[in-house]
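A quick write-up on the structure given underneath.
Rule-based calculations on the coordinates, nothing more; no lab input. The structure presented is a predicted model; accordingly, all values stated were derived computationally and were not measured. Cβ placement follows ideal geometry from the backbone for every residue including glycine, while neighbour counts extend to all protein chains displayed.
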Amino acid sequence: MYTFTPMMEADARAIMAWRYPPPYAVYNTEADGDADEAVLFAEYLDTRSPYFAVRNEALDPSGAVVGLFCYGSSAGVSLEAGAPHLLEADGSLNVGLGMRPDLTGRGLGLDFVLAGLAFGAERYHPTLFRFYTLAFNHRALNVYERAGFRRVGVVTQRGLWGERDFIELVKENTAR
């Protein structure tokens, strides 16, 4: 059973130390100095677009974080400045996640995604859920589609990393 707790600084530090192998290394969180680290911590701890540490005693009896979920603007792909927020104007909820690298590729993704959606539905009551995932990440796309999401478009993010295409997927919130 997955348990969700608001992100704490110790959780964020543990997550920032995770290292994914290529091609998933793009998901590694790295700070270039104290200023970047402060920005990363501020995002992880901002409750306006909250992050949650996820634990699962069966996967890690030590109580270490096995994953994270974020909800709201922090899970979007827009680089536009603006205040962090939870629901979009249409009542939809962006969802982001990460699973500890040593647990990926082991068939745990669907249960993890479903747990995060159930948590988000109960807590925020969105009209629908939205995921964005990098176009190359077929592993994640397969899990999202198995969870009932459908592809609705491609969003190109332009930023410090150049251009990156994200697949947008949505699913109605049937728990409403």
For this session: Could you list which residues have their amide H under 5 Å from that of residue 92, counting only those 5 or more apart in sequence or on another chain, with H placed in the peptide plane?
Result: 127, 128
Exercise. Expressed as cubic angstrom per residue, what is the convex hull volume of the alpha carbon set of the chain?
Worked result: 119
For this session: Can you tell me the order of 163-170, 100-107 when each peptide is scored by its average per-residue count of other Cβ atoms within 10 angstrom, highest first?
Result: 163-170, 100-107
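Expressed in nm to one decimal, what extension gain is obtained for the pair residue 10 and residue 47 from 0.36 nm per residue of sequence separation less their Cα-Cα distance?
Full extension of this stretch gives 11.7 nm more.
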Problem set entry | Axial C-alpha extent at least 15 Å, average Kyte-Doolittle at least 0.0 - helices from the chain (DSSP) | 34-45, 109-124
